[in-house]
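Comments concern the structure below.
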Amino acid sequence: MGTGGQKRLLQTPYGKPLILVLVGVLFVGVAVASTTLTIPSTVIPAQAAVTSSACGGVLALSGGPNPGSGTLRYTCPPSSGAFTVTTTGTDTPTFSEPSQITSVGYVSHSASSCSGFTTLTSGSSTTLSATGDNDICASYSCPTGCTIASWTISWSS
């Protein structure tokens, strides 16, 4: 029955097409199993933030300083943020703060205080992840009283 059974399968109207389909599936399976795709490395550049200042960059101290130490908050008078982020992305602040300033950062203009402000490092890129107005915060230490000289912050992308 060995060769007779095979002859009968090949002699039926479905025998040859069935064998061709099985052989085709075998070749497709081998082709899929041996396909290797190499994905190249891709560099996605960071989007540059877009910032502006409603007061042309001339800031005012919001509230008075505490004796000894504390945090100063700078805004655009009379009621705008020190700077506005219109497009989120990365930007690099550059500043040379006076010696009495111990840290510099920013906080949303709508925040009630500088508590928890985002710290900035001069010359280091930072991500500005939300649009809107922001104020500059600067912690200071003047145990015997002092005058903190004027200074600037520049943003570049």
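The values are calculated or read from the model by the stated rules, or taken from the named source; none is laboratory data. Small disclaimer: the values here were computed from a predicted structure and weren't measured. Here the Cβ is made from the backbone with ideal geometry for all residues, glycine too, and neighbour counts use every protein chain on show. For the accessible areas, the whole protein counts, side chains as well, though only heavy atoms, and no ligand, DNA or RNA atoms are used. Shrake-Rupley method; radii C 1.70, N 1.55, O 1.52, S 1.80 Å.
Accessible area per residue was computed with a 1.4 Å probe on protein heavy atoms; Ser103 scores about 30 Å². Peptides 121-132, 41-52, ordered by how many other C-beta atoms sit within 10 Å of their residues on average, highest first, read 121-132, 41-52. A simple spin-label model places pseudo-atoms 7 Å from Cα toward Cβ; at Leu18 and Ala60 they are separated by 9.2 nm. Here's the picture: a label point sits 7 Å out from the Cα of Ala130 along the beta-carbon direction, and within region 79-104 the residues with their amide nitrogen under 15 Å of it are 81-89. Full extension of the chain between Ala149 and Ser103 yields a length gain of 15.0 nm, computed as 0.36 nm times the residue separation minus the alpha carbon distance. Remark: the Ser41-Thr118 segment gains 24.5 nm on full extension, using 0.36 nm per residue and subtracting the alpha carbon distance. Couplings 3J(HN,Hα) of region 145-152, computed from phi: x, 6, 10, 8, 5, 5, 8, 10 Hz, in residue order, whole Hz [Karplus 6.51 cos²θ - 1.76 cosθ + 1.60, θ = phi - 60°; x for Gly and Pro]. Leu61 contributes about 80 Å² of solvent-accessible surface, heavy atoms of the protein only, 1.4 Å probe.
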